[in-house]
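*Asks:* The structure is given below, and queries will be raised subsequently.
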Amino acid sequence: MTIDAEQFRAAMGSWPSGVTIVTSRVGEEIHGMTVSDFSGVSLDPPLALVCASKTSVTTGLIEEGGCFGVNVLRRDQDTLSNKFASKKDEFKRFEGVDTYEAKTGAPLLREALVNLDCRVVAIHDAGDHVLCVGEIVDAQINEGEPLVFFRGGYGHFESAN
Ligand SMILES: Cc1cc2nc3c(=O)[nH]c(=O)nc-3n(C[C@H](O)[C@H](O)[C@H](O)COP(=O)(O)O)c2cc1C
């Protein structure tokens with residue numbers, strides 16, 4: 001007995017999340033994709049994880065390059081999220097996007113709310129995804145508000161106070 005794909009999507013989609021663009025590099029090749037399945041894992045040592053599809057181009061680069069960048073998107077960056085999720089022009093995603101090279105080599109987006117630079121310490125098998133665990137070697141935290149993803153749509157953070 002197990003749940004079907006529709007139930008899985010409905011359940012997981014009801015977990016509100018932020019939206020990130022996860023990037024990596026192998027030599028001169030850079031790539032990145034939109035990822036909502038991101039989490040902090042450990043404080044000491046500082047670890048973060050992303051759940052990445054085994055079929056995604058970005059996952060291959062993370063595995064080969066041994067690094068990944070996590071860029072938390074701002075409230076007005078839904079177009080950027082869709083761009084990095086779309087297969088149309090998938091190798092032109094960075095066109096017009098201001099990036100800089102992190103210590104690990106991963107490209108980081110200057111306009112993001114938060115940038116994390118991660119060195120891969122483990123890749124765990126998890127069904128049709130892999131869990132990429134990285135040691136956070138650098139972090140840049142900027143002022144602003146996050147983009148939120150809930151039940152297939154984008155929204156904004158609203159303080160309860
Ligand atoms: C809001 C949103 C969240 C996503 N979260 C993830 C995720 O956590 N993990 C994942 O593997 N793909 C996720 N995707 C899908 C990838 O961004 C998409 O499959 C992308 O085209 C993969 O790019 P690539 O194959 O060029 O690396 C998400 C897409 C959207 C729109």
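*Asks:* When the dipole is taken about the Cα centre of the stretch 58-140, and only Lys, Arg (+1) and Asp, Glu (-1) are charged at their Cβ, what size is it in debye, to the nearest 20?
*Replies:* 240
*Asks:* Find the Rg to Rh ratio for the chain, where Rh is the Kirkwood radius over alpha-carbon pairs and Rg uses the same atoms.
*Replies:* Numbers: Rg = 15.3 Å, Rh = 16.1 Å.
When Rh is taken as the Kirkwood radius, the ratio is 0.95.
*Asks:* On to the next question. Can you give the extra length, in nm with one decimal, that the chain gains between W15 and D76 once fully stretched, where that is 0.36 nm per residue apart less the Cα-Cα distance?
*Replies:* Result: 19.9 nm gained on full extension.
*Asks:* Shifting gears a bit: Suppose a student asked you for the relative contact order of the stretch 18-147, using Cα pairs under 8 Å spaced at least 6 residues apart; what percent would you report?
*Replies:* Taking the mean separation of contacting Cα pairs over the length of the stretch 18-147, I get 30 percent.
*Asks:* Just the accessible area per residue of the chain, please: how many Å² with a 1.4 Å probe? Each step should come with its number before you reach the end.
*Replies:* On the way: 9400 Å² over 161 residues.
Dividing the accessible area of the chain by its residue count gives 58 Å².
*Asks:* Hey, what number do you get for the chain at 222 nm if only DSSP H runs of n ≥ 4 count, each worth -39500 (n - 2.57), divided across all residues, to the nearest 500?
*Replies:* -4000 deg cm²/dmol
*Asks:* Roughly how many Å² of C67 are accessible to a 1.4 Å probe, to the nearest 10?
*Replies:* About 0 Å², ignoring ligands and nucleic acids.
*Asks:* Starting from 0.36 nm per residue, how many nanometres of slack lie between T2 and V121 once their C-alpha separation is accounted for?
*Replies:* 39.7 nm
*Asks:* Then there is this: Which order do you get for F150, F91 if you rank them by accessible area with a 1.4 Å probe, largest at the top?
*Replies:* On the way: F150 90, F91 145 Å².
Reading off the accessible areas and sorting them downward yields F91, F150.
*Asks:* Compute the longest continuous run of the chain that contains no exposed trypsin sites (Lys or Arg not before Pro); treat a site as exposed when its DSSP state is not H, G, I, E or B and it has at most 13 other Cβ atoms within 10 Å.
*Replies:* Working: sites that count: K54, K87, K88, K103, R110, R151.
Within the chain, the longest run free of exposed trypsin sites (Lys or Arg not before Pro) spans 1-53.
*Asks:* In nanometres, what is the gap between the two model label sites at D128 and E64, each 7 Å from Cα along Cα-to-Cβ?
*Replies:* 2.4
*Asks:* Now, a different point. Using θ = phi - 60° and the Karplus relation 6.51 cos²θ - 1.76 cosθ + 1.60, list the HN-Hα couplings for the stretch 63-71 in order, rounded to whole Hz, with x at every Gly or Pro.
*Replies:* Result, rounded to whole Hz: 5, 7, x, x, 8, 8, x, 10, 10.
*Asks:* Next up: Amide H of A102 versus every other amide H placed in the peptide plane: which residues, excluding those fewer than 5 positions away on the same chain, fall under 5 Å?
*Replies:* HN-HN under 5 Å from A102: L108.
*Asks:* Rounded to the nearest 20 Debye, what is the dipole magnitude of the stretch 6-161 about its Cα centre when Lys and Arg each give +1 and Asp and Glu each give -1 at the C-beta?
*Replies:* Charge dipole of the stretch 6-161: 320 debye, to the nearest 20.
*Asks:* Hey, any idea what % of the chain's accessible area is carbon plus sulfur with a 1.4 Å probe?
*Replies:* Looking at the chain in its full context, I get 53 percent from C and S.
The values are calculated or read from the model by the stated rules, or taken from the named source; none is laboratory data. Just so it is clear, the model here is predicted, and its values are computed rather than measured. With ideal geometry, Cβ positions are generated from the backbone for all residues, glycine too; neighbour counts draw on all protein chains shown. Remember, those area values only see protein heavy atoms, side chains included, never the ligands or the DNA or RNA. Shrake-Rupley method; radii C 1.70, N 1.55, O 1.52, S 1.80 Å.
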